[in-house]
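Worksheet for the structure shown next.
Derivation of every value follows stated rules applied to the coordinates shown; laboratory data play no part. All values derive from a computational prediction rather than experimental measurement. No Cβ is skipped: glycine too gets one built from the backbone with ideal geometry, and neighbour counts run over all protein chains shown.
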Amino acid sequence: MKDLILELRNDLKGRLTPSRFEHTISVSFICTALAMRYGCDLNKAELAGLLHDCAKPYGDEDIIRKCRKQDLLLTDDELRAPVVLHAKYGAWLAAHKYRIKDEEIINAIRWHTTGRAEMSILEKIVFTADYIEPRRDRAVNLALVRSVAFVDLDECVYQILKETLDYLDGKGSFVDSMSKQAYAYYKQVHEEKKGEQG
Ligand SMILES: [Fe+2]
Ligand SMILES: [Fe+2]
């Protein structure tokens, strides 16, 4: 497994832009830190983090073409805001180009852009690491989200989705329905917890 991780790191270094590669390495290490906290397999978390943006070198049009070539179904939402599609094609690449057999890793890559309701721990770890890794500096609530990430992962996912949807709404940008479903789900988890506490 360690050899595979080093091999993948070399491969991605040659394929990603320097800043995307830095982001990738940061995400993979934050994934391992979160995996330590939440009792997940460290190698799986590192692998999922390393590969999460493996389809990033391709532009939107290219990715749409490549998805169609592999018979990956594209939703109307994905065609409207194709920026999320590097997750779907990345999951395909992970399985077919990088020969990753583990479904949990594939799904963590698959859902890292939109999120979804009822994510596995590994899915939540990659989704969160992608948002909080130390190179990130744009989101307004980063300090809060970073402080929650190692305390309550569901609450952290809720805060990330809330911020992302508010930001996209504010810009008048389209929001994928998977993200809306994810937000509704984690909002309910958040409110149930608040009810129990209060
Ligand atoms: Fe991504
Ligand atoms: Fe990313």
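Anything over 20 Å Cα to Cα? Flag those among Lys124/Lys180; Lys44/Lys97; Lys162/Lys193; Lys44/Lys193, in the order listed.
Distance filter (> 20 Å) returns Lys44/Lys193.
Amide H of His112: which non-local residues (sequence gap of 5 or more, or other chain) have their own amide H closer than 5 Å, using H built in the peptide plane?
Counting only residues 5 or more places away or on other chains, the set is empty.
Given the Cα-Cα distance of Val151 and Arg20 and 0.36 nm per residue of separation, how much length would full extension add, in nm?
Result for the pair: 44.4 nm of gain on full extension.
Along the positive direction of the dipole of the chain (beta-carbon charges: Lys, Arg +1; Asp, Glu -1; about the Cα centre), which of Ile25, Ala129, Gly198 reaches farthest?
Ile25
So what does the Cα-only Debye profile of the chain read at q = 0.11, 0.14 Å⁻¹, as log10 I(q)/I(0), no solvent term?
So the normalised log intensities are -0.48, -0.79.
What is the extension gain from Asp102 to Leu144, computed as 0.36 nm multiplied by their sequence separation minus the C-alpha to C-alpha distance, in nm to one decimal?
Stretched out fully, the Asp102 to Leu144 stretch lengthens by 11.9 nm.
Region 63-176: percent of C-alpha pairs farther apart than 17 Å?
Cα-Cα pairs of region 63-176 separated by over 17 Å account for 59 percent.
Which value, in debye to the nearest 20, describes the size of the charge dipole of the chain about its Cα centre when Lys and Arg Cβ atoms bear +1, Asp and Glu Cβ atoms bear -1, and nothing else is charged?
Here the chain has a charge dipole of around 560 debye.
Just want the ordering: Tyr58, Tyr131, from fewest to most Cβ atoms lying within 10 Å of their own Cβ.
The order, fewest Cβ neighbours first, is Tyr58, Tyr131.
Grab the Cα-Cα distance for Asp166 and Asp3, subtract it from 0.36 nm times how many residues apart they are, and report the gain in nm with one decimal.
Fully extending the segment from Asp166 to Asp3 adds 54.5 nm.
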